[in-house]
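Structure first, then comments.
The values are calculated or read from the model by the stated rules, or taken from the named source; none is laboratory data. All values reported here derive from a predicted model rather than from experimental measurement. All Cβ positions, even for glycine, are placed from backbone atoms using ideal geometry, and neighbour counts span all protein chains on display. The accessibility values were calculated without ligands, DNA or RNA, using every heavy atom of the protein model including side chains. Shrake-Rupley method; radii C 1.70, N 1.55, O 1.52, S 1.80 Å.
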Amino acid sequence: MNQNGNVDIEDLELDKMFEVNSAVAVEKEIAADTMATLFSATKAHFFPYVEQATLELVGLLPHYYEGIRKAATSSLLEIIRTFYDLSEPAEWQPGGAVVSGQLS
Amino acid sequence: MTLVENPLTQRTACTALDALLEILHDNIDQYLQLVMERLAGLLETAPLSVKAVVTGAIGSAAHASKENFLPYFQPTMNRLQHFLVLTGEGEETELRGITMDAIGTFAEAVGKDVFRPYFPDMMKQAFQGIEMGNARLRECSFLFFGVMAGLFGDEFAPYLPSVLPPIFASCRQAECGDENDIRMPSSFIHHRTKLIRSFLWQFPILRRLFLHLVPPAPPVSKR
(Lines give C-alpha, C1' and ligand atoms only; values in the text may rest on other atoms or scores of the structure.)
Protein backbone atom coordinates (compact mmCIF):
# COMPACT_ATOMS: atom_id res chain seq x y z
CA MET A 1 0.00 0.00 0.00
CA ASN A 2 1.21 3.46 -0.82
CA GLN A 3 0.98 6.41 1.52
CA ASN A 4 -2.56 7.24 0.55
CA GLY A 5 -3.59 3.68 0.99
CA ASN A 6 -2.14 3.76 4.45
CA VAL A 7 -4.23 6.74 5.49
CA ASP A 8 -7.30 5.05 4.12
CA ILE A 9 -6.71 2.02 6.24
CA GLU A 10 -6.34 4.13 9.34
CA ASP A 11 -9.56 5.91 8.54
CA LEU A 12 -11.28 2.67 7.95
CA GLU A 13 -10.06 1.18 11.21
CA LEU A 14 -11.14 4.24 13.10
CA ASP A 15 -14.55 4.26 11.51
CA LYS A 16 -15.02 0.67 12.37
CA MET A 17 -13.97 1.26 15.92
CA PHE A 18 -16.62 3.87 16.46
CA GLU A 19 -19.23 2.09 14.49
CA VAL A 20 -18.77 -0.67 16.92
CA ASN A 21 -20.42 0.83 19.83
CA SER A 22 -23.24 3.17 19.21
CA ALA A 23 -25.67 1.20 17.06
CA VAL A 24 -25.35 -1.99 19.05
CA ALA A 25 -25.26 -0.16 22.37
CA VAL A 26 -28.52 1.62 21.61
CA GLU A 27 -30.01 -1.68 20.54
CA LYS A 28 -29.07 -3.22 23.89
CA GLU A 29 -30.53 -0.26 25.69
CA ILE A 30 -33.86 -0.83 23.94
CA ALA A 31 -33.63 -4.58 24.51
CA ALA A 32 -33.23 -3.95 28.24
CA ASP A 33 -36.22 -1.61 28.28
CA THR A 34 -38.31 -4.05 26.29
CA MET A 35 -37.90 -6.92 28.76
CA ALA A 36 -39.54 -4.98 31.56
CA THR A 37 -42.22 -3.62 29.26
CA LEU A 38 -43.09 -7.15 28.18
CA PHE A 39 -43.27 -8.38 31.76
CA SER A 40 -45.51 -5.61 32.96
CA ALA A 41 -47.72 -6.02 29.89
CA THR A 42 -48.08 -9.80 29.82
CA LYS A 43 -47.78 -10.41 33.57
CA ALA A 44 -47.96 -14.10 34.48
CA HIS A 45 -47.35 -15.19 30.89
CA PHE A 46 -43.83 -13.86 31.30
CA PHE A 47 -42.95 -16.03 34.30
CA PRO A 48 -41.00 -18.67 32.31
CA TYR A 49 -38.63 -15.92 31.14
CA VAL A 50 -38.40 -13.69 34.14
CA GLU A 51 -35.38 -15.37 35.67
CA GLN A 52 -33.31 -15.26 32.53
CA ALA A 53 -34.42 -11.69 31.84
CA THR A 54 -33.30 -10.67 35.32
CA LEU A 55 -29.93 -12.35 34.85
CA GLU A 56 -29.42 -10.62 31.51
CA LEU A 57 -30.27 -7.28 33.06
CA VAL A 58 -27.94 -7.79 35.99
CA GLY A 59 -25.27 -8.67 33.46
CA LEU A 60 -25.75 -5.30 31.77
CA LEU A 61 -25.45 -3.28 34.97
CA PRO A 62 -21.67 -2.72 34.82
CA HIS A 63 -21.81 -1.72 31.16
CA TYR A 64 -19.71 1.29 30.26
CA TYR A 65 -22.50 3.03 28.34
CA GLU A 66 -24.66 4.93 30.79
CA GLY A 67 -27.78 4.54 28.67
CA ILE A 68 -27.60 0.78 29.10
CA ARG A 69 -26.94 1.02 32.83
CA LYS A 70 -29.95 3.26 33.24
CA ALA A 71 -32.19 1.02 31.13
CA ALA A 72 -31.10 -2.11 32.99
CA THR A 73 -31.59 -0.50 36.39
CA SER A 74 -35.02 0.86 35.65
CA SER A 75 -36.06 -2.43 34.07
CA LEU A 76 -35.03 -4.33 37.19
CA LEU A 77 -37.05 -1.93 39.32
CA GLU A 78 -39.97 -2.36 36.94
CA ILE A 79 -39.73 -6.12 37.37
CA ILE A 80 -39.93 -5.72 41.14
CA ARG A 81 -42.88 -3.39 40.76
CA THR A 82 -44.67 -5.84 38.49
CA PHE A 83 -44.10 -8.68 40.95
CA TYR A 84 -45.56 -6.52 43.67
CA ASP A 85 -48.64 -5.78 41.55
CA LEU A 86 -49.05 -9.48 40.83
CA SER A 87 -48.94 -10.30 44.53
CA GLU A 88 -52.34 -8.64 44.87
CA PRO A 89 -51.17 -6.27 47.51
CA ALA A 90 -53.65 -4.93 49.98
CA GLU A 91 -54.38 -1.26 49.61
CA TRP A 92 -51.84 0.66 51.60
CA GLN A 93 -53.30 2.20 54.71
CA PRO A 94 -51.80 5.00 56.66
CA GLY A 95 -51.30 3.82 60.17
CA GLY A 96 -48.50 2.55 62.28
CA ALA A 97 -48.89 5.00 65.10
CA VAL A 98 -45.64 6.65 66.00
CA VAL A 99 -45.03 6.48 69.67
CA SER A 100 -42.74 9.19 70.77
CA GLY A 101 -39.73 8.05 72.63
CA GLN A 102 -39.85 4.63 71.01
CA LEU A 103 -36.76 5.30 68.97
CA SER A 104 -34.57 6.41 71.78
CA MET B 1 -46.14 24.16 3.74
CA THR B 2 -44.72 25.46 0.48
CA LEU B 3 -41.28 24.47 1.72
CA VAL B 4 -42.48 20.90 1.95
CA GLU B 5 -43.20 20.89 -1.77
CA ASN B 6 -39.88 22.26 -2.88
CA PRO B 7 -37.37 19.45 -3.49
CA LEU B 8 -34.58 21.66 -2.21
CA THR B 9 -36.11 22.24 1.17
CA GLN B 10 -38.56 19.40 1.69
CA ARG B 11 -36.32 17.18 3.76
CA THR B 12 -35.48 19.90 6.25
CA ALA B 13 -39.01 21.22 6.17
CA CYS B 14 -40.40 17.81 7.06
CA THR B 15 -37.92 17.45 9.91
CA ALA B 16 -39.11 20.77 11.28
CA LEU B 17 -42.72 19.77 10.78
CA ASP B 18 -42.06 16.52 12.60
CA ALA B 19 -40.68 18.36 15.61
CA LEU B 20 -43.59 20.77 15.59
CA LEU B 21 -46.24 18.06 15.33
CA GLU B 22 -44.68 16.20 18.20
CA ILE B 23 -45.42 19.00 20.65
CA LEU B 24 -48.69 20.19 19.14
CA HIS B 25 -50.98 17.84 21.10
CA ASP B 26 -54.64 18.81 20.76
CA ASN B 27 -53.84 21.88 18.75
CA ILE B 28 -53.11 19.67 15.80
CA ASP B 29 -56.79 19.12 15.01
CA GLN B 30 -57.21 22.19 12.85
CA TYR B 31 -54.13 21.37 10.78
CA LEU B 32 -54.42 17.62 10.59
CA GLN B 33 -56.25 17.37 7.30
CA LEU B 34 -53.91 19.73 5.50
CA VAL B 35 -50.82 18.10 6.94
CA MET B 36 -51.96 14.59 6.09
CA GLU B 37 -52.91 15.47 2.53
CA ARG B 38 -49.52 16.94 1.80
CA LEU B 39 -47.54 14.23 3.55
CA ALA B 40 -49.51 11.40 1.96
CA GLY B 41 -48.71 12.86 -1.44
CA LEU B 42 -45.01 12.94 -0.62
CA LEU B 43 -45.03 9.28 0.35
CA GLU B 44 -45.70 8.49 -3.28
CA THR B 45 -43.41 10.91 -5.00
CA ALA B 46 -40.49 11.93 -2.82
CA PRO B 47 -37.03 10.32 -2.86
CA LEU B 48 -36.28 7.66 -0.23
CA SER B 49 -34.49 9.89 2.22
CA VAL B 50 -37.45 12.29 2.25
CA LYS B 51 -39.92 9.44 2.61
CA ALA B 52 -38.19 8.47 5.83
CA VAL B 53 -38.62 11.94 7.28
CA VAL B 54 -42.21 12.14 6.01
CA THR B 55 -43.02 8.81 7.64
CA GLY B 56 -41.57 10.07 10.90
CA ALA B 57 -43.68 13.21 10.64
CA ILE B 58 -46.84 11.18 10.02
CA GLY B 59 -46.00 9.15 13.11
CA SER B 60 -45.80 12.36 15.11
CA ALA B 61 -49.10 13.53 13.64
CA ALA B 62 -50.72 10.27 14.74
CA HIS B 63 -49.21 10.60 18.19
CA ALA B 64 -50.58 14.12 18.58
CA SER B 65 -54.01 13.57 17.07
CA LYS B 66 -54.83 10.25 18.79
CA GLU B 67 -58.29 9.01 17.74
CA ASN B 68 -58.65 11.82 15.21
CA PHE B 69 -56.04 9.97 13.20
CA LEU B 70 -58.56 7.22 12.53
CA PRO B 71 -59.70 8.36 9.05
CA TYR B 72 -56.10 8.40 7.86
CA PHE B 73 -55.06 5.14 9.46
CA GLN B 74 -56.02 2.68 6.79
CA PRO B 75 -54.90 4.67 3.72
CA THR B 76 -51.57 5.38 5.41
CA MET B 77 -51.06 1.76 6.35
CA ASN B 78 -51.65 0.75 2.74
CA ARG B 79 -48.95 3.14 1.59
CA LEU B 80 -46.45 2.28 4.30
CA GLN B 81 -46.66 -1.46 3.93
CA HIS B 82 -44.42 -1.37 0.89
CA PHE B 83 -41.63 0.11 2.98
CA LEU B 84 -41.59 -2.86 5.33
CA VAL B 85 -40.26 -5.21 2.71
CA LEU B 86 -37.28 -3.09 1.71
CA THR B 87 -34.10 -5.06 2.04
CA GLY B 88 -31.45 -2.66 0.77
CA GLU B 89 -28.80 -0.99 2.86
CA GLY B 90 -28.56 2.57 4.06
CA GLU B 91 -31.58 4.68 3.25
CA GLU B 92 -33.80 1.67 2.71
CA THR B 93 -32.93 0.31 6.14
CA GLU B 94 -33.58 3.68 7.69
CA LEU B 95 -36.96 3.97 6.00
CA ARG B 96 -37.94 0.47 7.03
CA GLY B 97 -37.02 1.14 10.65
CA ILE B 98 -38.83 4.45 10.80
CA THR B 99 -41.88 2.83 9.25
CA MET B 100 -41.90 0.17 11.95
CA ASP B 101 -41.73 2.90 14.60
CA ALA B 102 -44.50 4.87 12.93
CA ILE B 103 -46.81 1.86 12.71
CA GLY B 104 -46.34 1.30 16.43
CA THR B 105 -47.36 4.89 17.01
CA PHE B 106 -50.43 4.49 14.80
CA ALA B 107 -51.46 1.43 16.78
CA GLU B 108 -51.31 3.41 20.02
CA ALA B 109 -53.27 6.22 18.42
CA VAL B 110 -56.13 4.17 16.95
CA GLY B 111 -56.35 1.55 19.68
CA LYS B 112 -56.05 -2.20 19.65
CA ASP B 113 -59.42 -3.02 18.14
CA VAL B 114 -58.80 -1.03 14.99
CA PHE B 115 -55.24 -2.28 14.75
CA ARG B 116 -56.01 -5.95 15.40
CA PRO B 117 -56.46 -6.93 11.72
CA TYR B 118 -52.89 -5.80 11.07
CA PHE B 119 -51.42 -7.24 14.24
CA PRO B 120 -50.27 -10.71 13.10
CA ASP B 121 -48.90 -9.41 9.84
CA MET B 122 -46.96 -6.59 11.44
CA MET B 123 -45.52 -8.98 14.00
CA LYS B 124 -44.26 -11.06 11.13
CA GLN B 125 -42.62 -8.00 9.59
CA ALA B 126 -41.00 -7.19 12.91
CA PHE B 127 -39.52 -10.68 13.14
CA GLN B 128 -38.20 -10.35 9.62
CA GLY B 129 -36.62 -7.06 10.63
CA ILE B 130 -34.67 -8.93 13.29
CA GLU B 131 -33.37 -11.37 10.71
CA MET B 132 -31.86 -8.60 8.62
CA GLY B 133 -28.69 -8.42 10.65
CA ASN B 134 -28.95 -4.73 11.33
CA ALA B 135 -28.79 -3.22 14.81
CA ARG B 136 -31.12 -0.36 13.98
CA LEU B 137 -33.79 -2.69 12.61
CA ARG B 138 -33.54 -4.95 15.64
CA GLU B 139 -33.96 -1.92 17.84
CA CYS B 140 -37.12 -0.89 15.97
CA SER B 141 -38.53 -4.40 16.20
CA PHE B 142 -37.93 -4.55 19.96
CA LEU B 143 -39.64 -1.20 20.39
CA PHE B 144 -42.51 -2.46 18.33
CA PHE B 145 -42.83 -5.57 20.51
CA GLY B 146 -42.97 -3.36 23.58
CA VAL B 147 -45.71 -1.22 22.09
CA MET B 148 -47.71 -4.25 20.94
CA ALA B 149 -47.40 -5.96 24.32
CA GLY B 150 -48.57 -2.81 26.07
CA LEU B 151 -51.53 -2.57 23.72
CA PHE B 152 -52.60 -6.20 23.52
CA GLY B 153 -51.56 -7.49 26.94
CA ASP B 154 -52.60 -11.14 27.24
CA GLU B 155 -53.13 -11.40 23.52
CA PHE B 156 -49.42 -10.81 23.08
CA ALA B 157 -48.51 -13.82 25.23
CA PRO B 158 -48.36 -16.37 22.36
CA TYR B 159 -45.53 -14.36 20.84
CA LEU B 160 -43.34 -14.39 23.94
CA PRO B 161 -41.53 -17.65 23.09
CA SER B 162 -40.34 -16.21 19.79
CA VAL B 163 -39.81 -12.64 20.98
CA LEU B 164 -37.53 -13.29 23.92
CA PRO B 165 -34.68 -15.32 22.42
CA PRO B 166 -33.64 -12.51 20.05
CA ILE B 167 -33.82 -10.02 22.91
CA PHE B 168 -31.61 -12.18 25.12
CA ALA B 169 -29.21 -12.71 22.23
CA SER B 170 -29.06 -8.97 21.72
CA CYS B 171 -27.99 -8.39 25.32
CA ARG B 172 -25.15 -10.84 24.96
CA GLN B 173 -23.73 -9.91 21.61
CA ALA B 174 -20.25 -8.50 21.45
CA GLU B 175 -19.98 -4.88 20.53
CA CYS B 176 -16.76 -5.06 18.62
CA GLY B 177 -17.13 -6.74 15.28
CA ASP B 178 -13.54 -7.92 15.17
CA GLU B 179 -12.27 -7.90 18.67
CA ASN B 180 -8.67 -8.73 17.85
CA ASP B 181 -8.54 -6.04 15.25
CA ILE B 182 -8.46 -3.00 17.41
CA ARG B 183 -7.57 -2.31 20.97
CA MET B 184 -8.11 1.29 21.85
CA PRO B 185 -7.32 2.85 25.16
CA SER B 186 -10.67 1.86 26.48
CA SER B 187 -11.18 4.78 28.79
CA PHE B 188 -11.15 6.94 25.72
CA ILE B 189 -13.93 5.37 23.72
CA HIS B 190 -15.92 4.31 26.62
CA HIS B 191 -17.36 7.65 27.43
CA ARG B 192 -19.49 9.77 25.19
CA THR B 193 -19.12 7.39 22.32
CA LYS B 194 -21.92 8.87 20.36
CA LEU B 195 -20.71 12.38 20.85
CA ILE B 196 -17.21 11.74 19.68
CA ARG B 197 -18.39 9.68 16.81
CA SER B 198 -20.82 12.16 15.41
CA PHE B 199 -18.21 14.84 15.73
CA LEU B 200 -15.55 12.93 13.94
CA TRP B 201 -17.87 11.93 11.19
CA GLN B 202 -18.86 15.44 10.47
CA PHE B 203 -15.36 16.77 10.25
CA PRO B 204 -12.84 14.55 8.51
CA ILE B 205 -10.15 16.93 9.64
CA LEU B 206 -10.92 16.22 13.28
CA ARG B 207 -10.81 12.56 12.53
CA ARG B 208 -7.27 12.95 11.26
CA LEU B 209 -6.31 15.05 14.24
CA PHE B 210 -7.68 12.47 16.56
CA LEU B 211 -5.61 9.86 14.81
CA HIS B 212 -2.47 11.82 15.53
CA LEU B 213 -3.33 12.22 19.17
CA VAL B 214 -4.33 8.64 19.68
CA PRO B 215 -2.57 6.45 17.17
CA PRO B 216 -4.26 3.15 16.48
CA ALA B 217 -2.93 0.79 19.06
CA PRO B 218 -0.81 -1.90 17.46
CA PRO B 219 0.89 -0.57 14.34
CA VAL B 220 -1.66 -1.03 11.63
CA SER B 221 -0.87 -4.33 10.20
CA LYS B 222 -2.39 -4.84 6.86
CA ARG B 223 -5.14 -7.13 6.05
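Structure notes:
- Value of D in µm² per second that Stokes-Einstein yields for segment B:1-126, Kirkwood Rh from Cα pairs, at 4 °C (1.567 mPa s): 90
- To the nearest 10, the accessible area of B:Thr9 is 40 Å² with a 1.4 Å probe.
- Approximate shape of segment B:117-176 as ellipsoid semi-axes (Cα gyration tensor, √5λ), whole Å, largest first: 21, 12, 9
- Area of B:Asp26 that stays accessible when all protein chains are in place (1.4 Å probe, Å², to 10): 120
- For B:Gly97, net neighbour charge (Lys/Arg +1, Asp/Glu -1) across residues whose Cβ lies under 13 Å away: -3
- Think of each Lys and Arg Cβ as +1 and each Asp and Glu Cβ as -1; about the Cα centre, that makes the dipole of segment A:37-104 roughly 140 debye.
- Residue by residue, segment B:150-167 carries 3J(HN,Hα) couplings of x, 7, 9, x, 4, 5, 7, 3, x, 7, 3, x, 9, 7, 6, x, x, 5 Hz when phi is fed to the Karplus relation 6.51 cos²θ - 1.76 cosθ + 1.60 (θ = phi - 60°); x denotes Gly or Pro.
- Accessible-area composition of segment B:3-123, carbon plus sulfur, in percent [1.4 Å probe]: 54
- Exposure ranking of B:Met77, B:Met132 by accessible area [1.4 Å probe, largest first]: B:Met132, B:Met77
- Cα-projected label distance for B:Val114 with B:Glu67, points at 7 Å along beta-carbon direction, nm: 0.9
- ³J(HN,Hα), Karplus 6.51/-1.76/1.60, whole Hz, each residue of segment A:83-90, x for Gly, Pro: 4, 4, 4, 6, 7, 6, x, 6
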